[in-house]
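The structure appears right after this line, and notes come after that.
Nothing in this text is a laboratory measurement; each read-out follows from the coordinates by a stated rule. Given the structure is predicted, the values throughout are model-derived calculations rather than measurements. Because the Cβ atoms are built from the backbone with ideal geometry, glycine has one as well, and the counts that use them run over all protein chains shown.
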Amino acid sequence: MEAEDIVSDVLFGLLRRADVVGEIENLSAYLYRSLTNRVTDHHRARVPEVRIDDAEEDGTQKVELASEGLDPERTLEQQELQNRLSVAIGKLSPPERAVWLATEIDGFTFRDLAEEWDEPMGTLLSRKSRAVAKLRQLLSDYRPKEQGGKK
């Protein structure tokens, strides 16, 4: 049922923006990309399952986590990285921030942005390059803790 909900949500969003449909060069590619992004968002937002099995012999409840993604240290590390990234993104100039967010988070292509924002593609590429360089510099001191010999 989730797949049908995702498809209907994407189609509803497209129909809601009917003024944009005429400007889309390749509608099937646009729909494919939109669906891919929505499925990715859905998987990222999914809450790990918690199963409560039968009671133990002593009457207490045994709880098994269905996902290993609930490691407290890893969760804390991800929150720290997310906070650092948010601060670093906030330090970018508004044009650099807009291009970085549009391409990395929202999944827009430079061609789409150039047409929508009426900016030369080279300018957008340059802004993105500067944004990436600044983010690398701002986050250069961040090193995740090693877990099991891996970084």
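Full-extension gain between Arg136 and Leu76, please, as 0.36 nm times their residue separation minus the C-alpha to C-alpha distance.
Working: separation 60, 0.36 × 60 = 21.60 nm, distance 2.11 nm.
Length gained, Arg136 through Leu76: 19.5 nm.
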Given a Förster radius of 25 Å and the C-beta distance between Tyr32 and Glu2 as r, what FRET efficiency does 1/(1 + (r/R0)^6) yield to the nearest 0.05?
0.90
Tell me, what HN-Hα J-couplings in whole Hz come from the Karplus equation 6.51 cos²θ - 1.76 cosθ + 1.60 at θ = phi - 60° for each residue of the range 72-87, using x for Gly and Pro?
x, 5, 5, 4, 5, 4, 5, 5, 4, 4, 4, 5, 5, 5, 4, 5
